[in-house]
Every structure is written in structure tokens, then in C-alpha cells.
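All of the numbers you see were taken from the coordinates with simple rules; none came from a lab. Computed from a predicted model, the values in this text were never measured in an experiment. Here the Cβ is made from the backbone with ideal geometry for all residues, glycine too, and neighbour counts use every protein chain on show.
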There are 2 protein chains.
Amino acid sequence: MIKEIQIEQLKGVFSPVITPFNPDLSVDYKKLIHQCEWLISQEVGLAVFGTNSEANSLSVDEKIFLLNKLVEYGIDPNKLMPGTGCCALSDTIKLTKHAVKLGCSGVLMLPPFYYKAVNDDGLLEYFSNVIDSVNDDRLRIYLYHIPPIAMVGISLQLIEKLLKRYPRYVAGIKDSSGDWSNTQNMLDENWDNFSIFAGSESFLLKTMQNGGAGCISATANINPKKIFDVYKYWEKSDSIDMQEELNVLRNIVQSYPLIPALKCIVSHFCEDKNWNILRPPLTGLNVSDSKKLINELNAINFNLIKSN
Amino acid sequence: MIKEIQIEQLKGVFSPVITPFNPDLSVDYKKLIHQCEWLISQEVGLAVFGTNSEANSLSVDEKIFLLNKLVEYGIDPNKLMPGTGCCALSDTIKLTKHAVKLGCSGVLMLPPFYYKAVNDDGLLEYFSNVIDSVNDDRLRIYLYHIPPIAMVGISLQLIEKLLKRYPRYVAGIKDSSGDWSNTQNMLDENWDNFSIFAGSESFLLKTMQNGGAGCISATANINPKKIFDVYKYWEKSDSIDMQEELNVLRNIVQSYPLIPALKCIVSHFCEDKNWNILRPPLTGLNVSDSKKLINELNAINFNLIKSN
């Protein structure tokens with residue numbers, strides 16, 4: 001008898017959870033748990049180990065350790081969509097296998113990003129190899145298309161081929177191309193059981209209006225509730241105004257390097273200087289930019305209400 | 001009493017050793033040992049885990065396993081300059097520490113390459129953190145500048161800063177920018193105890209004429225002896241002709257995707273079809289390109305003399 005596994009397609013608002021470090025650059029996992037708990041309380045899912053989590057500055061073993069800590073603590077694995085795509089096939093398999101074993105409802109998977117002149121056939125082989133090696137019916141892959149940083153992208157043709165080969169395992173995509181026409185093209189395909197997430201809340205309303213599943217956005221670390229509200233109430237008449245309000249904050253934050261800006265904001269409003277630690281090669285905002293950013297946020301009456 | 005450690009500056013010809021895979025995509029370490037032995041017999045040093053070794057498709061644990069196997073087998077660690085630069089600081093520290101512990105005379109270190117908008121200060125902190133954490137007087141870092149693939153490069157200003165902070169540990173660079181003026185600029189600096197390697201044999205003669213240390217070239221996997229001869233006899237009158245002969249072969253090979261082309265050549269001349277296996281996302285040459293490549297090599301009477 002074939003065991004039927006019911007796994008829901010993910011939808012909603014997810015945040016690549018920013019990663020707190022100790023002064024010795026190890027991860028402060030207790031603070032990470034706290035940030036995750038708070039995000040869940042704000043109805044935001046946990047795309048831990050995203051680009052804006054500095055995930056590519058963490059080893060696979062560190063990520064496995066952190067996933068274990070989150071689940072041991074009691075974070076619901078259904079809320080977890082960890083990033084598991086690494087450069088090396090063997091790393092991606094190991095981390096993905098572990099995430100599935102822990103019960104994570106999906107994984108967000110970068111393509112292998114070191115070698116640049118790769119073709120769709122090579123990427124198809126890569127993802128096929130991951131799926132065959134993980135070999136678990138619970139696996140749900142959300143592809144991660146972020147060509148401005150990974151430089152290697154995921155084409156519509158590749159998605160078609162993957163869906164044809166693995167309709168059960170390839171469950172969606174995060175489009176961080178920053179190019180709405182690409183998201184629109186994917187939405188127009190209307191693939192079955194395929195969730196399309198905007199890569200930031202800037203395109204959230206449009207994504208929802210066109211049949212998308214939500215967004216996965218770094219800014220959800222500081223503005224979760226209002227982003228969630230646009231997701232939830234997109235059909236209401238004032239959703240355009242709500243989207244516009246999101247844009248105002250987003251535009252301020254993304255006029256700075258995003259990860260340092262987010263950490264600066266959390267550090268300031270939580271009065272915790274360690275939140276301002278980044279793992280090299282990334283560096284924090286300088287004093288003058290930090291002040292400018294906080295002043296701009298104060299000018300729009302932004303506040304981050306957290307007990308941290 | 002301070003223990004004085006004598007480690008020679010590396011010079012000569014090194015090859016990023018191509019990595020042989022089994023049909024199940026695991027590394028065929030015995031064949032790797034064989035390739036390494038052969039390269040040493042051709043007076044070529046072993047830059048295992050370079051770009052053209054598909055190193056970024058291998059996990060840190062796989063690299064540690066392979067380094068152990070090579071040294072256990074009896075490969076002289078003095079001939080080894082493994083690539084140890086990963087995306088994640090913690091991975092780079094772990095692998096570098098292991099290489100130094102095994103007695104490798106140098107490590108070739110990519111900058112962290114996922115995050116693109118990094119500045120020299122962040123890279124300085126990254127390399128400083130590696131050096132401080134490895135904390136071993138035997139460490140010798142050869143920086144790896146390959147902006148066409150890593151997208152993150154190593155500027156002259158960064159080298160200056162690193163040499164000022166760590167004159168003992170920062171021992172040289174491989175310049176794979178493909179831009180001779182960059183190599184020339186570095187050579188003009190005439191830094192003390194700093195070996196400058198051309199990133200391919202195309203610039204070998206010029207590099208030697210301008211005070212460089214040699215080259216680290218993927219083509220040394222198939223043309224080691226003649227490349228070594230240009231390194232050794234660059235001062236002789238016929239070195240220009242010898243360099244020209246290298247260029248003829250190099251130009252043929254690099255008109256194809258380099259890693260698949262090298263594997264195709266070794267597979268053909270060693271009559272070993274497994275040498276043609278690449279780890280995804282990379283793919284082998286198609287049949288038509290393979291034939292065309294071998295025909296072009298036959299036309300210049302190329303032969304790969306190997307007992308394999």
C-alpha cells in the first residue's frame with residue numbers, strides 16, 4: 001500500500017530570518033529562536049537560511065545545528081522553509097535531507113552558484129540528483145531565483161522540465177529577480193500545485209492579484225504584521241494604500257545595503273548592540289548611515305515593537 | 001624561544017587537478033591519486049580543489065577526505081596547494097586548518113563569493129579572521145583572483161592591506177582575471193616574499209620576464225611538460241616559440257567549456273570513459289563537440305602520454 005502523504009502547498013508571508021551573531025562570530029542561537037518565535041507571533045513563516053540570513057556565510061553543519069535547536073525548542077517545523085541550496089551537490093543533499101527529516105514543510109533551494117556558464121540541462125541534472133538522493137515523499141522544493149546575487153538563474157523552461165519530471169516535489173518558487181515581468185510570466189503559466197512567491201513585499205499585492213502565494217521578504221524581519229495584512233486583505237478596497245505604506249518603508253530600507261540596514265534597525269529598536277554584528281565579508285553600516293537610516297524611520301513614525 | 005619555521009615561497013607550474021568521478025558521482029580517489037602522481041612526475045605541483053577541479057561542487061568533508069587519502073598514499077604535501085576558500089568563513093577556516101595540519105606548503109584561497117556587494121574592508125576582516133583562527137605559523141595563503149567566475153575580486157589595495165597586517169602569511173596570488181594589465185600592475189609593486197602566478201600558461205613567459213613565480217593552469221592536466229619547460233627555460237632564446245606552441249594548444253582547448261574539454265581529452269587519450277563524468281551542474285561536451293575537439297588536437301599532433 002502506498003502511503004499517502006498530505007503536505008499543503010505553502011502560502012503566506014515568510015521571512016528570511018536575520019541571523020544574530022555573538023561577538024566571536026558564532027551564531028547566537030537563543031536569539032535566533034527568539035526572533036523566530038516573534039515572527040511566528042506576527043503570522044510570518046520562517047525562511048531561515050535565506051540570502052538575508054547570511055546563510056551563505058554559515059557552514060552546513062552550523063545550519064544543521066541551528067535547525068535542530070529550533071525544532072528541539074519547539075518551533076513548529078510546519079513554519080520552517082529553510083534555505084538548503086549550496087554550491088556543492090553533496091552539501092545540498094545533506095542539508096535538504098536533514099530538513100525533511102525534521103519535518104520542515106518546504107525547503108528554499110538556490111541553484112548551485114559558483115560555476116557561471118551552466119545550462120538548463122546541467123541544472124536539471126543537479127536538481128534531479130538532489131530529489132533522487134533525498135528520496136523522501138515529504139520533500140517539497142521551492143526554487144530560489146535570485147540572479148542579481150546568485151548570477152545563476154532558474155528559467156521558465158527549467159521549471160517546466162522539473163515539473164514534468166517531479167510534479168510532486170517541485171512545489172514553487174521565490175522570484176527575487178526584481179523583474180515583475182518574470183513573475184508575471186510565471187504566474188501566467190498557471191502551473192498546478194506550484195506556489196509563486198514574490199521576492200519582496202514590493203510586488204506582494206500584484207502577486208496576490210495574479211494568483212500568487214505570497215511573498216518571502218527580508219523586510220518582514222522588521223515589518224511583519226503590515227506585510228501580512230496586505231497578504232490577508234489584498235482583496236479589500238484599501239489594499240492599494242496598504243501596499244503603498246509598505247513601499248514607503250521598503251524604499252527607505254533598501255536604499256542602504258539590506259542586511260546591514262536590517263540589523264542596524266533591529267539593534268537600534270531592541271537596544272541590543274550585538275544585533276549589529278555581521279559575519280565577514282559583510283560589514284555593518286557606518287555610524288553616519290546608521291544615524292541617517294534611523295532618522296528616516298523616525299520621520300515616518302516607524303517603530304519595532306518587540307520584547308527582545 | 002620562538003620556533004623558526006622555514007617555508008619556501010612556492011614557484012613553478014601548478015595544476016588545478018581535474019577530479020575524477022565514479023558513475024554514482026562520488027570521487028574516484030584512486031584515480032585522483034594517479035593523476036596527482038603523474039603530474040608530479042611531469043614536475044607540476046598540485047593545486048587540487050581549484051575551479052577546474054570542480055572543487056566548488058565538493059563539500060568540505062569530501063575535500064578533507066581526499067587530502068587525507070593523498071597524503072596517506074604518500075603524495076608529498078610540499079607539492080600540495082589545495083584550494084580552501086569557501087563561501088562560509090567557518091568552512092574556509094576548517095579546511096585551511098586541515099590543509100596546514102597535513103603540511104601543505106600553501107593554500108589557494110578564493111574570496112567568499114556569494115555576496116556580491118562586498119568591500120575591501122569586509123574582505124580584509126574575512127581573511128584576517130581566517131588567519132587568526134587557523135593560528136598556525138606554517139600557514140601560507142595564495143590569494144585567488146578570478147573575477148570572471150567568483151565575481152568578487154581581490155584588489156591591489158586589499159593585497160597591500162593584507163601584506164601590512166600579515167606579511168608572514170600572505171604569500172602570493174593567482175591572477176585569473178585574464179587581464180594582463182592587472183598582473184603587470186601587481187608585478188610592478190614588487191612586494192617582498194609575494195609570489196605572483198599567472199592564471200594560465202598564456203601569460204607564463206610574460207609573467208616570468210617580469211619577475212613572477214610561474215603559473216597555475218588547468219591545461220597543465222594535459223600539457224604539463226611543455227608548460228614546465230617554458231617556466232624553466234624562459235630565459236632561453238627559443239622561449240617565445242615555446243610559448244607560442246603552448247598558445248596553440250591552449251587556444252583550441254579554451255574555445256570549448258574548459259572543464260568538460262579537459263575531461264574529454266583525458267578520457268579519450270586514456271581510453272577511460274569515466275573521466276568524462278562531471279558532477280552537476282556541469283555537463284560533458286556533446287558528441288559532436290567532443291569529436292571536433294579531438295580532431296583539432298590530432299591535427300596538431302597532440303598526444304597525451306599517460307599510463308592510466
Calculated from DSSP helices alone, with each H run of at least 4 adding -39500 (n - 2.57) and the total divided by the residues of the protein assembly as shown, [θ]222 nm to the nearest 500 comes to -13500 deg cm²/dmol
Final fewest-first order of A:Tyr144, A:Tyr169, A:Tyr73 on the 10 Å Cβ neighbour count is A:Tyr73, A:Tyr169, A:Tyr144
Computed over chain A, the relative contact order (Cα-Cα under 8 Å, seq sep at least six) in percent reads 19
On each of the three principal axes the extent of the alpha-carbon atoms of the protein assembly as shown, given in whole Å and largest first, is 82, 63, 40
Ordered by fewest other Cβ atoms within 10 Å, a rough proxy for footprinting exposure, A:Phe197, A:Phe21 read A:Phe21, A:Phe197
Residue-ordered couplings for the stretch B:35-50, obtained by feeding phi - 60° into the Karplus form 6.51 cos²θ - 1.76 cosθ + 1.60 and rounding to whole Hz (Gly and Pro as x), are 4, 5, 4, 5, 4, 4, 5, 9, 6, 10, x, 10, 8, 4, 6, x
Lys and Arg at +1, Asp and Glu at -1: neighbours of B:Ser239 with Cβ under 13 Å from its Cβ sum to -3
In whole angstrom, the spacing between the Cα centers of the stretch A:19-82 and the stretch B:260-291 equals 41
Between A:Gln157 and A:Asn193, the FRET efficiency computed from the C-beta separation at R0 = 25 Å comes out, to the nearest 0.05, as 0.85
Taking the alpha-carbon centre of each part, the distance from the stretch A:187-204 to the stretch B:223-238 in Å is 58
Site B:Lys11, offset 7 angstrom along Cα→Cβ, radius 14 Å on amide nitrogen, limited to the stretch B:82-116, gives none
A:Gly103 neighbourhood, Cβ < 12 Å, K/R = +1, D/E = -1, net charge +2
One decimal, nm, nearest first: from A:Gln9 to the same residue in each other copy, label points 7 Å out along Cα→Cβ, the values are 6.3
The stretch A:12-234 -> Rg/Rh from Cα coords, Kirkwood Rh, value 0.94
One finds, for B:Asp136 and A:Lys116 with R0 = 35 angstrom and r their Cβ-Cβ distance, a FRET efficiency to the nearest 0.05 of 0.60
One decimal, nm, nearest first: from B:Ser237 to the same residue in each other copy, label points 7 Å out along Cα→Cβ, the values are 9.5
What one gets for the stretch B:167-308 as the Kirkwood radius, inverse of mean 1/r over different Cα pairs in Å, is 16.4
Pairs over 23 Å Cα to Cα, from B:Lys116/B:Lys161; B:Lys63/B:Lys174; A:Lys69/A:Lys232; B:Lys94/B:Lys273; B:Lys11/B:Lys236; B:Lys206/B:Lys263, come to A:Lys69/A:Lys232; B:Lys94/B:Lys273; B:Lys206/B:Lys263
Computed on Cα atoms, Rg of the stretch B:103-225 relative to 2.2 N^0.38 Å comes out at 1.03
Residue separation between A:Ser41 and A:Asn298 times 0.36 nm, minus their alpha-carbon distance, gives in nm 90.1 nm
With one decimal in nm and the nearest listed first, the spacings from A:Gly103 to its own position in the other copies, using label points 7 Å along Cα-to-Cβ, are 5.1
Label model pair A:Ile305, A:Glu245: point-to-point distance (7 angstrom along the Cα→beta-carbon line) in nm is 1.2
Fewest to most Cβ atoms within 10 Å: B:Arg250, B:Arg138 sort as B:Arg138, B:Arg250
